[in-house]
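> The structure's right below; bear with me while I get my questions together.
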C-alpha cells in the first residue's frame, strides 16, 4: 500500500544479492524460489 502525504518521501529498492534473498526467504518462511519470484525485479545474480 502507498500512503500519500505531502511530507512523505519514497525510495526505490535497488538490486539485491543472493545472500539477501536467502535471508529474506528464511525470515518469511518461504523457499528461495518463491522469494526469487516475489522479488524478480530486484534480483541480479
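> Can you give me the angle between helix 18-28 and the longest principal axis of the chain, using Cα atoms only, in degrees from 0 to 90, rounded to the nearest 10?
Between the helix axis and the principal axis of the chain, the angle is about 80 degrees.
> Using the per-residue mean of other Cβ atoms lying within 10 Å as a proxy for protection, in what order, highest first, do the peptides 10-21, 33-44 fall?
The densest-packed peptide leads the list: 33-44, 10-21.
> Another question about this same structure. Could you work out how much longer the chain between residue 42 and residue 28 gets when fully extended? Use 0.36 nm per residue separation minus the Cα distance between them, nm to one decimal.
3.3 nm
> Report, in deg cm²/dmol and to the nearest 500, the calculated mean residue ellipticity at 222 nm for the chain, where each DSSP H run with n ≥ 4 adds -39500 (n - 2.57) and the sum is divided by the residue count.
The helix-only estimate for the chain comes to -11500 deg cm²/dmol at 222 nm.
> Of (i) 38, 21, 15; (ii) 31, 30, 17; (iii) 57, 19, 7, which one was derived for Cα extents along the principal axes in Å from the structure shown?
(i)
> Restricting to Cα pairs below 8 Å that are 6+ residues apart, what does the relative contact order work out to for the chain? Please round to a whole percent.
Answer for the chain is 43 percent.
Here, each number is a calculation from the coordinates, and none is a lab measurement. Just so it is clear, the model here is predicted, and its values are computed rather than measured. Please note: Cβ atoms are built from the backbone with ideal geometry, for glycine as well, and neighbour counts cover all protein chains shown.
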